[in-house]
Each structure stands twice: as C-alpha cells, then as structure tokens.
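Reviewing the structure listed below.
The values are calculated or read from the model by the stated rules, or taken from the named source; none is laboratory data. Worth saying up front: this structure is predicted, and the values here are computed from it rather than measured. With ideal geometry, Cβ positions are generated from the backbone for all residues, glycine too; neighbour counts draw on all protein chains shown.
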Amino acid sequence: MAITCKAILLETKTIIILLNVFWWMAISLAPVVSHCIQAPYSLSNLSCIGAPPLSVIKCLERIRHWNTKIFSFFVFQVIFESVSLKGHPGYIAVDEVRVLAHPCRKAPHFLRLQNVEVNVGQNATFQCIAGGKWSQHDKLWLQQWNGRDTALMVTRVVNHRRFSATVSVADTSQRSISKYRCVIRSDGGSGVSNYAELIVKEPPTPIAPPELLAVGATYLWIKPNANSIIGDGPIILKEVEYRTTTGNWAETHIVDSPNYKLWHLDPDVEYEIRVLLTRPGEGGTGPPGPPLTTRTKCAGRISAVLLYCMDVLV
C-alpha cells in the first residue's frame, strides 16, 4: 500500500532502486519495441512530504548479448524513482516484478522527447506525445533534471490512442544546457519520457574590427575578420554595416567572399564599419562587432578638372 503525500519541496533527494531485468526471445521473432513492467510496491516517507506513489519508472539502457544461434539476451536497467524530503529517509519496496512483451494497456507511455536548440532570448517549446487513453483527471507536466516542475500542460487529444501537449520554457536568457522530461500521472499509472536537452546558444559577435586593406577616394577594401568570435557557430551569414561617423543612417551588405569592397563612397569622408554575424535559428544575428573607423582619400586635382569641364559643357 502506498502513502499519498501533499507536495514536493524544492530541497529533495531521490530514492532509486536499480533492477536488472533479463528475458530471452527467438531470433526469428521481430524485436518488441515496448514492454510493460508490473510490480506491487510500497512507498514510505517518514515526513510524508514526498511525491505521490512511484512517480517514475524508466528504462535507462539496453545491452545486447548473443548466447547461441537460437536465442539472444537483452539486459535492461530499470529505475524505480520517488522523492523524499532531504534529510528524512524514505523507502521503496518492490516485489514480483513482471515484464510483459507489450505496452501497458492502462498506463500512458511517451514517444521519445527531442532535443531543442534555440538562441538566447527566443522561445523554447517542448512537445510531449504519449500513447494511451487521456482522461480529464490525468496530470501532465514538464520536469527539469533537478526535479523542479513546470506548470501543468494543456493537453490536446490527437486520436483515441494518442495525445500531446506543448509547453514553452521561459529561461533562455543566457547561454546554457539543461535537461527536461515529460511526466504524466493518471489513474492507470505513471509515465515519463527520456531526458531531452534544452540547448541555448549565444549569437556570434566578431572579436576584432574589420581589417583595412586598401583606400580610395570612393571605395574601401576590407577584410571582415570573422574567424575569431564570441558566441556560438556555425556562421551562416556575414554582413558589413557601414555609415558616416557624422550621419544617422547605415547600410548593410551581405559578404560572400574573404575580402569585400565598399563602393560609391564620398571622398574625404570618415566612415565607421562593423561586421554582423548570424547563426542558424530565429534571433541568430549577434550584435555588431568592434568598429573600423577610417577615411576615404581626397578626390584630388583630376576630380576638380572634371567638375570644371562639366560646368563648361553645361
């Protein structure tokens, strides 16, 4: 008989029992993808502040061992997990474990949860998809690696054998890697998915300003210097942003070569040039890198003569 408790405190520890389950099957039969594990159990928590009974049953790994030409053996490591208040011992008693060669009919089971990669400041969304019958009394949520839970998720019934739920993770303000899993508790049993990674990437920014290669009266040759960056790659787009140091306008050009020439500039004018880098995904463009400040050459006597000739012709 299990003890039902009210809530999970933030300072918790996990009680784990590892159980190696062995079984055999003939090679001529197709491998079974899903199995149902059934066992009576008792959960005891002295403080009665832990989670409701046996919140997690998870298959960690499978190792294949060949024995003869007729049979093959598989080893599964199964974790029975619950939560108790830190500093107070808890106990899980499990007996008569049965492994059935088919999915559990009542307990829901999740499809594999996929990793999610976003850029800093963007919305990250996990989609939990489970097989089984959905009930209004079922509770489904997203859980972090440290045991902290998100709010309950709104569930959508796909068909009579499958349902799904999506949830957005708000903590994408800085570069990080964290792990999440889907958890469900229903009248027919509990289920969890695998842990999936939430990878938050930082958009790239050049460390150094562009390098000046050549200067003319109406052009500037530069090298973007985009190899050394702060942030994450891969870089899928390079852009040059330039403006006059006294102006309030700016133009941006795509760079698709190691060196780039800025055309149609004004003579004897000071320009500020920066490089923008973009990585995959929404919000993947980083802030501009350090500026290169340089001045175009004077137009010289030839330009003056041409202007005089044009005035005479007019």
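Whether a residue is crowded, with 19+ Cβ neighbours inside 10 Å, touching a residue at least 40 places away in the same chain (Cβ under 8 Å) and not assigned by TED's automatic domain parsing to the domain that holds residue 41 was assessed, and residue 218 does not pass this test.
One residue is enough: does region 239-257 have a residue meeting the conditions modelled with pLDDT of 90 or more, surrounded by 14 or more Cβ atoms within 10 Å (Cβ to Cβ) and not in a strand (DSSP E or B)? No - not one qualifying residue is present in region 239-257. Considering (1) touching a strand residue (DSSP E or B) at 6+ places or on another chain (Cβ under 9 Å); (2) farther than 25 Å from residue 129 by Cβ; (3) part of a loop (DSSP other than H, G, I, E, B), the lone condition that residue 213 does not fulfil carries the number (3). For the condition of a type in the set (D, E, K, R) and either over 20 Å from residue 210 (Cβ atoms) or modelled with pLDDT of 95 or more (or both), residue 282 qualifies. Selection within region 168-183: residues that are modelled with pLDDT of 85 or more and in a strand (DSSP E or B). The member of this set that is surrounded by the fewest Cβ atoms within 10 Å (Cβ to Cβ) is 177. Only a single item in (1) of a type outside the set (Ser, Thr, Tyr); (2) buried (at least 20 other Cβ atoms within 10 Å of the Cβ); (3) closer than 30 Å to residue 253 by Cα is not met by residue 134, and it is number (3).
If you check residue 124 against the conditions, is it farther than 29 Å from residue 171 by Cα and aliphatic (A, V, I, L, M)? Taking the combined requirement at face value, the residue does not satisfy it.
Residue 165 - would you say it is part of a strand (DSSP E or B) and in contact (Cβ under 8 Å) with a residue 12 or more places away in the chain? When the stated conditions are applied, residue 165 passes them.
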